[in-house]
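Let me begin by presenting the structure, written as structure tokens, before commenting on it.
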Amino acid sequence: MIEIAPVVVNPLRVRPVVGYQSGVIDRRQSFLERVVALPRLGVGVSTEYGAQLAGGLDVMDLAESAPDHVQFLEVGVEIAKGLDADALAWIDAGRPTTYHFLDVNLDEPDDLGPDWLREVAEVCRQLKPAWLCGDAGMWHFGPRDRNHMLLLPPILTRESATDMAVGIRRLRDATGYEVLPENPPGQVFIGDMTLLEFFAEVCERADTGMLLDCAHLAIYQHLHGRSPLEGLDRFPLERVVELHVAGGTHREHDGFAWIDDDHTTAVSAETWAIFDFAVKHATNLKAVVFECERNQAAATEAGFARLAETLAVDGHMHS
Amino acid sequence: MSHHQLQRVIVRMLHDQAFARAMIAGRSDTVAQAALSDAERGWLQAADPRAFAVDTYRTSRLLKALIDEFPCSVARVASLSGSSWRQGLHDFFSSTGFHVGIQRRGRLVESFAAWLAERDDQVLSALVALELSVALLARQRSSAGPGTSVKLAAGVGVLALPGGLLSLVHAVRAQLGDDVIGALDGYRWPPHQVRMAEQERVLVVAGAVEPLGGPLFDLLSCCGAPGGATLQQLIEVGARHEATAEDVAEIVDELRQDGVLR
Ligand SMILES: [Fe+2]
């Protein structure tokens with residue numbers, strides 16, 4: 001008998017929304033009402049300033065050769081550096097983007113000053129992103145600065161969640177774009193809430209959606225000896241708009257086991273378990289990023305195929 | 001303690017392992033100094049000290065970034081401290097200046113500059129002051145709205161340096177080349193004289209430091225005042241150097257085109 005392989009249609013494969021710009025948030029609507037208007041972006045990759053020059057992925061090339069893998073680009077933005085040639089070429093081609101900030105401590109009011117907000121608005125005019133997103137943690141200490149190479153998770157307390165929510169609202173009001181906090185990676189998490197409790201609180205208080213980084217969550221759960229899915233059943237997954245998937249490396253320091261979030265293509269079983277669960281339950285999922293920007297295209301094939309498999313079964317992205 | 005203060009304690013622990021161990025062990029002087037609440041102390045003491053040390057290159061990386069901005073100052077320190085310069089620089093992360101700077105939300109370049117300048121050496125102090133000015137100018141972002149006044153563009157500054165310092169800087173930079181850290185072992189200080197009693201005026205644009213004549217220095221200093229300068233004020237400055245109002249307007253125009261003024 002000849003078996004016919006099922007045709008895997010990626011449900012995320014939709015006509016890209018080009019030039020989407022919200023610009024105005026209807027304050028009378030709750031996030032769960034507003035989320036309906038957010039475009040469905042599908043599967044994408046992320047990039048940082050100069051990533052390709054540093055030997056990373058050629059996103060334009062990949063978008064041409066494997067359009068299913070790169071339906072949008074998540075552009076990592078540090079205002080002091082601006083947009084690199086790859087990002088500009090992508091925008092010029094009229095392709096969809098999201099704006100991933102790399103330079104704001106959302107819980108620090110001084111970090112969201114008028115000059116920075118003005119420059120963010122300027123970049124938004126260029127990028128026309130579907131939304132803003134990024135790790136809600138500490139990107140720098142002291143006033144905004146380059147070269148700190150720091151990203152720490154927030155202090156997991158109610159007070160900190162409240163301040164984070166204020167910052168998210170402020171950035172959203174200033175830009176007119178939804179601002180989706182992402183759970184950062186880390187080896188030290190301090191406070192009296194779990195990471196998921198903390199972000200549930202942030203999302204509720206800011207009335208916003210969430211970018212759930214499955215690899216970062218797997219790192220957190222592993223560090224605390226929890227199973228990958230622990231607490232996810234109580235998390236408001238309907239607020240999750242975007243998912244990140246990335247590979248990491250198990251390392252040891254002085255007998256202390258930790259996972260390095262180094263964005264390899266070796267995605268762990270724990271990360272996939274979180275991804276599969278999230279795809280199944282995130283009813284407002286619009287975008288998935290495979291954070292493979294530091295790798296060559298050939299090495300990313302298996303990861304993209306695995307993403308597509310889950311999305312084919314459970315993907316239900318609403319445009 | 002607010003979560004911001006607690007977060008800053010964690011930043012200090014990540015950069016200073018001895019401090020991290022003392023904090024986690026609950027050594028009373030360290031804990032009292034950080035003014036932690038009982039709950040916060042409990043959270044920190046429950047942490048694994050090794051978790052603060054997994055990034056073994058954290059301080060070296062940060063130090064490299066600082067050396068990139070203070071190459072001449074660091075070369076001066078290296079030439080003063082001989083073969084121990086490397087460890088000497090790492091001591092920054094256990095210095096009071098580093099810890100207080102982080103806790104008060106200060107700029108790292110400023111804490112580092114102040115720490116370098118603690119050494120009793122006039123030439124070093126002058127180098128640090130210059131490199132700190134350049135570092136701070138590089139962080140300036142243009143602020144909103146075109147005003148009516150004439151101002152220095154973001155990242156542009158005018159400075160008065162001790163005589164001979166600029167040629168010393170050029171000589172040291174040429175010797176160090178691009179691999180500053182590589183050049184520091186056994187570094188020999190050039191025999192340039194710095195004349196502290198004299199003044200040399202310079203313009204800083206996009207990280208480059210160039211000599212500046214007296215009339216231009218006076219004009220640009222006027223533009224560098226808070227709020228900038230009016231054209232009338234600049235014309236008055238010009239008159240002191242026998243420049244006509246037309247000359248001044250022309251110079252301002254040219255400097256605007258060159259991105260020195262806005
Ligand atoms: Fe991520």
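The values are calculated or read from the model by the stated rules, or taken from the named source; none is laboratory data. As the structure is a computational prediction, the values presented were derived from the model and not from experiment. For neighbour counting, all protein chains shown are included, and Cβ atoms are generated from backbone atoms with ideal geometry for every residue, glycine included. The protein model used for the area step is the full one, side chains on, heavy atoms only, and it has no ligands, DNA or RNA in it. Shrake-Rupley method; radii C 1.70, N 1.55, O 1.52, S 1.80 Å.
Points 7 angstrom from Cα along the Cβ direction at A:ASP173 and A:GLU238: gap in nanometres?
Result: 2.7 nm between the two label points.
Setting aside same-chain residues fewer than 8 positions from A:LYS286, which lysines have a Cα under 19 Å from its Cα?
A:LYS128
Please work out the C-alpha center-to-center distance from the range B:40-71 to the range B:92-159 and express it in whole Å.
22
Between A:ASP115 and A:ASP314, what is the label-point separation in nm under the 7 Å Cα-to-beta-carbon projection?
4.6
Can you compute 3J(HN,Hα) from phi for each residue in the range B:88-101, using the Karplus curve 6.51 cos²θ - 1.76 cosθ + 1.60 with θ = phi - 60°, rounded to whole Hz and x for Gly and Pro?
With the stated coefficients, the range B:88-101 comes to x, 6, 5, 4, 3, 6, 10, 7, 4, x, 4, 5, 5, x Hz.
With a cut-off of 8 Å between alpha carbons and a minimum separation of six or more residues, what is the relative contact order of chain A in percent?
With pairs under 8 Å counted, the relative contact order is 21 percent.
Could you compute the net charge surrounding A:GLN296? Neighbours are other residues with a C-beta less than 13 Å from the C-beta of A:GLN296; K and R count +1, D and E count -1.
Values: positive: A:ARG294; negative: A:ASP58, A:ASP61, A:GLU293, A:GLU301.
With Lys, Arg at +1 and Asp, Glu at -1, the neighbours total -3.
Rolling a 1.4 Å sphere over the protein heavy atoms, what is the accessible area per residue of the protein assembly as shown, to the nearest Å²?
43
Which residue fluctuates the most in chain A, going by a Gaussian network model with Cα springs under 10 Å, if the choices are A:GLN29, A:GLN296, A:GLN71?
Judging by the Gaussian network model, the answer is A:GLN29.
Among all the lysines, which ones have a C-alpha under 27 Å from B:LYS151's C-alpha, if same-chain residues fewer than 8 places away are not counted?
Once the sequence-local lysines are set aside, what remains near B:LYS151 is A:LYS81.
Do any trypsin sites (Lys or Arg not before Pro) in the range A:133-174 lie in a DSSP loop with no more than 14 other beta carbon atoms within 10 Å, and if so, which?
Sites meeting the loop and neighbour criteria: A:ARG146.
Taking a cut-off of 33 Å, what percent of all Cα-Cα pairs in chain A are separated by more than that?
Roughly 18 percent, rounded to a whole number.
Which listed residue (B:ALA206, B:VAL237, B:GLY163) has the Cα farthest towards the positive end of the charge dipole for the range B:124-241, taking +1 on Lys and Arg C-beta and -1 on Asp and Glu C-beta about the Cα centre?
B:VAL237
Output the Kirkwood hydrodynamic radius of the protein assembly as shown, Cα pairs only, in Å rounded to one decimal.
Working: mean 1/r = 0.0380 Å⁻¹.
Every distinct Cα pair counted, the radius reaches 26.3 Å.
Could you go through the range B:172-187 in sequence order and give the Karplus-derived ³J(HN,Hα) for each residue, using 6.51 cos²θ - 1.76 cosθ + 1.60 with θ = phi - 60°, rounded to whole Hz, and x for Gly and Pro?
Each residue's phi maps through the Karplus curve to give 5, 4, 5, 5, 6, x, 7, 8, 4, 4, x, 7, 7, 5, x, 5 Hz.
Using a simple charge model, +1 on the beta-carbon of Lys and Arg, -1 on the beta-carbon of Asp and Glu, nothing else, what dipole does the range A:31-176 show about its Cα centre, in debye to the nearest 20?
With Lys and Arg at +1 and Asp and Glu at -1, about 460 debye.
For A:TRP90, B:TRP43, what's the largest-to-smallest order of accessible area, 1.4 Å probe? Spell out each step's value before the answer.
On the way: A:TRP90 0, B:TRP43 60 Å².
Ranking A:TRP90, B:TRP43 by accessible area, largest first, yields B:TRP43, A:TRP90.
Using the Karplus curve 6.51 cos²θ - 1.76 cosθ + 1.60 with θ = phi - 60°, what ³J(HN,Hα) values do you get for each residue of the range A:217-222, in whole Hz, with x for Gly and Pro?
Karplus-based 3J(HN,Hα) across the range A:217-222 equals 5, 4, 4, 4, 4, 4 Hz.
If you average the alpha carbon positions of the range A:234-249 and of the range A:114-140, how far apart do those two centres end up, in angstrom?
The two parts, judged by their Cα centres, are 21 Å apart.
Net charge within 12 Å of B:GLN45 by Cβ-Cβ distance, Lys/Arg positive one each and Asp/Glu negative one each, not counting B:GLN45 itself?
Around B:GLN45, the charge tally is 0.
Would you please give the FRET efficiency between A:ARG251 and B:ALA249, computed as 1/(1 + (r/R0)^6) with r the Cβ-Cβ distance and R0 = 60 Å, to the nearest 0.05?
Working from the Cβ atoms, E equals 0.40.
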